[in-house]
Number of protein chains: 4
Amino acid sequence: MDRLDALRDALRAFVTDRAWDQFHDPKNLAMAVASEAGELAAELRWVPNTDADTHVRTEPARQRIADEVGDVALTLLMFADRAGLDLATCMENKLAKNLAKFPVEKVHGKAGR
Amino acid sequence: MDRLDALRDALRAFVTDRAWDQFHDPKNLAMAVASEAGELAAELRWVPNTDADTHVRTEPARQRIADEVGDVALTLLMFADRAGLDLATCMENKLAKNLAKFPVEKVHGKAGR
Amino acid sequence: MDRLDALRDALRAFVTDRAWDQFHDPKNLAMAVASEAGELAAELRWVPNTDADTHVRTEPARQRIADEVGDVALTLLMFADRAGLDLATCMENKLAKNLAKFPVEKVHGKAGR
Amino acid sequence: MDRLDALRDALRAFVTDRAWDQFHDPKNLAMAVASEAGELAAELRWVPNTDADTHVRTEPARQRIADEVGDVALTLLMFADRAGLDLATCMENKLAKNLAKFPVEKVHGKAGR
């Protein structure tokens, strides 16, 4: 079974077992995604760009960052599932749009806004 | 092939083709995750909890929300990959921690902080 | 003296005394604003709209929320000052734009996007 | 009159004139603060630390950044006022806590987490 599908099913059980469906409407979950993303940002806010690749590979930051990545992704997967969206499909569709939106010859070596 | 693995490989090509590796260090990508999460939050900021499930299923909001979900997830996948982390593994490990952290008998029907 | 001006001067001393100017470039401070805003969002993520006005007036949430409001505002004031911007002027100018952007006859009783 | 007090009064009229009080409960406004903070972060996500001070002083980014700073601050001021909190007082109280929390001799030249 696809790993995201297995995670989605495990999250459904996690939420149902705790009777948390009542709190997990799409508005609350979108707000939770923003707060988890803020925690990930906090891990790197004082780290210069030039140290970032090393920083994320050095304990104890590495484990904290892996956990924050997990939190953002799990919350986003719960949001998508509650909204009746398949997370991997959203990613595949948006990547297809980005391929068209950012033609290589136009954006090569240039940062977008 | 697992869909997340296929997406990771497609994103690597997307970034390399555009010579965007220079901009995609972990600090910049963490900041990008936060701004994409803010765009998802924006879609639901004026929607009451009681309308949220319907709102996310109604066009044109539905397509915009699917795109924002895709953006957050793609940016997070690029972050994880750049940091040498496997996104699905981060999710599986964090879910295991959350199962232990929130015992059913202690949190049933109660929202966490 | 205007209270924001006094706070700006006190923050300058706070940062200089700790030799934190080296970390407080506009990029790092913008990232810090996002993470502090995420902490404020966390306080209300599981609270329904209909309970929110009561929740923010009830201890111990009230004190935590006052502290998070302070953190977001102090970080934003440091950002503005480092960027050579006067915070109150930014607010006055943007409010003037919003008055023109949202004419009463057009938006009365309707939530924006 | 203090400039923040004048802005607070002008925002009260702005909201009342548009019958927006119904949308501006503390939960919605906290979510709006997070999305506005995400827009500010977006302005600097691809800018290296070493270019950030110059970037924020160069048009057209400068004007956009001033507007985003205004948006975050105005939304936060509306949140505080709706929650029965005085924004400047929150800042003064939190700065006093931070002075005690980060003693010079302990944190000099070291970035916090």
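The values are calculated or read from the model by the stated rules, or taken from the named source; none is laboratory data. Computed from a prediction, not measured in an experiment: that's the story for all the values here. Ideal geometry is used to build each Cβ from the backbone, glycine not excepted, and the neighbour counts take in all protein chains shown. Areas reflect the complete protein model, heavy atoms only, side chains present, ligands, DNA and RNA absent. Shrake-Rupley method; radii C 1.70, N 1.55, O 1.52, S 1.80 Å.
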Quiz item: Within the group B:95, B:87, which residue is touching a residue at least 12 places away in the same chain (Cβ under 8 Å) and aliphatic (A, V, I, L, M)?
Solution: B:87
Quiz prompt | All positions within the stretch D:97-113 that are of a type in the set (D, E, K, R) and within 19 Å of residue C:69 (Cβ to Cβ) | solution = D:97, D:101
Exercise. Name the residue, out of B:10, B:19, B:32, B:73, that is within 20 Å of residue A:75 (Cα to Cα) and without any contact (Cβ under 8 Å) to a residue 24 or more places away in the chain.
Key: B:73
Quiz item: Under the condition of being farther than 18 Å from residue A:3 by Cα and crowded, with 16+ Cβ neighbours inside 10 Å, which residue from the stretch B:80-97 is nearest to the other protein chains (Cβ to nearest Cβ)?
Solution: B:83
Quiz item: Limited to the stretch B:16-38, what total is found for residues that are assigned to a helix (DSSP H, G or I), open to solvent by 10 Å² or more (accessible area, probe 1.4 Å) and more than 7 Å from every other protein chain (Cβ to nearest Cβ)?
Solution: 2
Self-check item: Failed condition for residue D:53, given (1) within 20 Å of residue D:85 (Cα to Cα); (2) surrounded by fewer than 24 Cβ atoms within 10 Å (Cβ to Cβ)
Solution: (1)
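Restricting to the stretch C:39-70, name every residue that is small (Gly, Ala, Ser) and either outside any helix (DSSP H, G or I) or within 8 Å of another protein chain (Cβ to nearest Cβ) (or both).
The first filter runs over the stretch C:39-70 and keeps only residues small (Gly, Ala, Ser), leaving C:41-42, C:52, C:61, C:66, C:70.
Result: C:41, C:42, C:52, C:66, C:70.
Which of the residues that make up the stretch D:39-48 are open to solvent by less than 10 Å² (accessible area, probe 1.4 Å) and within 15 Å of the chain's Cα centre (by Cα)?
Our first condition is that a residue be open to solvent by less than 10 Å² (accessible area, probe 1.4 Å); within the stretch D:39-48, this holds for D:40-41, D:44.
Answer for the stretch D:39-48, where residues must be open to solvent by less than 10 Å² (accessible area, probe 1.4 Å) and within 15 Å of the chain's Cα centre (by Cα): D:40, D:41.
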Quiz item: Is it the case that the stretch D:98-105 has a residue that's in contact with a Lys or Arg (Cβ under 9 Å, 6 or more places away or on another chain), farther than 30 Å from residue B:75 by Cα, at the interface with another protein chain (Cβ under 7 Å from one of its Cβ atoms) and surrounded by fewer than 23 Cβ atoms within 10 Å (Cβ to Cβ)?
Solution: yes
Quiz item: Which residues, counting only those in the stretch A:67-79, are crowded, with 22+ Cβ neighbours inside 10 Å and within 12 Å of residue B:80 (Cα to Cα)?
Solution: A:68, A:69, A:70, A:72, A:73
